[in-house]
Amino acid sequence: MFSAAFPSDRGAEVGPALVKVEGLEKSYREGGEGTVVLSGATFEINRGETTSLIGTSGAGKSTLLAIVAGLLLPDSGKVQFAGEEVTAMDETERASLRALRIGVVVQSDNLIPFLTASENVELAVELAGGERPAEKAAGILDELGLAGRSGVLPRRLSGGEAQRVALAVALVNEPELLLADEVTAELDSKNAARVLDLILSASAKRGLTVLIVTHSPESARLTDNLLRVADGKVEVG
Ligand SMILES: Nc1ncnc2c1ncn2[C@@H]1O[C@H](COP(=O)(O)OP(=O)(O)O)[C@@H](O)[C@H]1O
Ligand SMILES: [Mg+2]
């Protein structure tokens with residue numbers, strides 16, 4: 001009731017947004033032709049909440065996620081993460097943000113093929129300057145049901161196991177935000193459900209904020225919020 005009467009006060013008081021995306025514009029240019037992918041994409045993600053991002057193929061979901069991750073820069077508009085402007089950072093600062101505070105998992109090929117499951121996770125700790133990488137890797141692999149698979153190379157892992165190791169890599173440094181781009185798209189329904197469940201329980205357990213790009217109605221049903229990319233914009237619901 002008060003929030004309706006004093007909308008500006010409420011915003012200042014609550015301020016729960018971890019991610020604020022404002023007016024993103026992005027086109028890809030190939031030859032002379034430009035494809036406009038985002039044109040005024042604006043949304044917020046609250047700390048500790050889980051959100052599914054849906055939209056037709058080619059709508060710009062992966063582009064949007066890559067911009068939030070600081071992997072790609074927009075033509076204009078801005079992304080704020082925990083009050084810091086990602087779109088104003090240089091490449092080193094954005095890489096450091098991903099190493100320490102934002103975990104990213106994509107559809108496939110998340111792992112370095114010549115390192116074992118455990119070594120992949122340990123490397124993430126080392127790149128973030130963390131201590132006791134082996135211990136941390138063992139802990140998170142165990143939590144994700146992979147204790148017996150730590151010495152195995154990626155090509156010997158099943159699709160579901162490989163995605164769980166990728167999740168371990170993304171979570172081992174205790175990030176505030178997890179970005180997951182169609183991470184269950186190549187899995188059968190049982191393994192897809194298991195990976196999704198692990199993501200959602202990691203969120204519940206750690207207060208992790210999660211943004212999942214998905215085609216799965218199940219995922220969209222299980223997250224707190226639903227966002228849709230269409231015509232270069234982001235709509236709620
Ligand atoms: N690196 C790129 N160069 C040129 N066009 C691209 C590039 N990446 C994506 N696109 C195009 O941008 C549009 C949006 O792509 P994407 O963000 O991957 O969509 P989604 O993840 O929703 O399927 C598509 O038309 C795609 O072909
Ligand atoms: Mg995509």
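No lab work stands behind these numbers, since they all come straight from the coordinates. Here the structure is a predicted model, which means the values were calculated and not measured. Positions of Cβ are generated from backbone atoms using ideal geometry, with glycine treated the same way; all protein chains shown enter the neighbour counts.
Worth a mention:
- Rounded to 10°, Cα long-axis angle of helix 133-143 versus longest principal axis of the chain: 80
- In the chain, the longest principal axis of the Cα atoms and the axis of helix 117-127 are about 50 degrees apart.
- Between the stretch 186-233 and the stretch 17-65, the alpha-carbon centres lie 17 Å apart.
- The GluC sites (Glu not before Pro) found in the stretch 162-231 that occupy coil by DSSP, while having at most 14 further C-beta atoms within 10 Å, are E186.
- In the chain, the convex hull through the Cα atoms has an average projected area of 14.4 nm², a quarter of its surface area.
- Distance distribution P(r), the stretch 120-233, all Cα-Cα pairs, bin width 5 angstrom from 0: 2, 11, 22, 22, 20, 12, 7, 3, 1, 0 percent.
- Placing +1 on the Cβ of every Lys and Arg and -1 on the Cβ of every Asp and Glu, with nothing else charged, gives the chain a dipole about its Cα centre of roughly 460 debye.
- Partners for K233 among lysines (Cα-Cα distance below 30 Å; same-chain residues under 8 apart left out): K20, K26, K61, K78
- Taking all Cα-Cα distances within the stretch 46-124, those exceeding 16 Å account for 61%.
- Altogether, the Stokes-Einstein calculation at 4 °C and 1.567 mPa s, with the Kirkwood radius of the stretch 17-60 over Cα pairs as Rh, returns a diffusion coefficient of 105 µm²/s.
- Gain upon complete extension [L100, S189; 0.36 nm per residue less C-alpha separation]: 28.9 nm
- Compared with the dominant Cα axis of the chain, that is its longest principal axis, helix 159-171 is turned about 70°.
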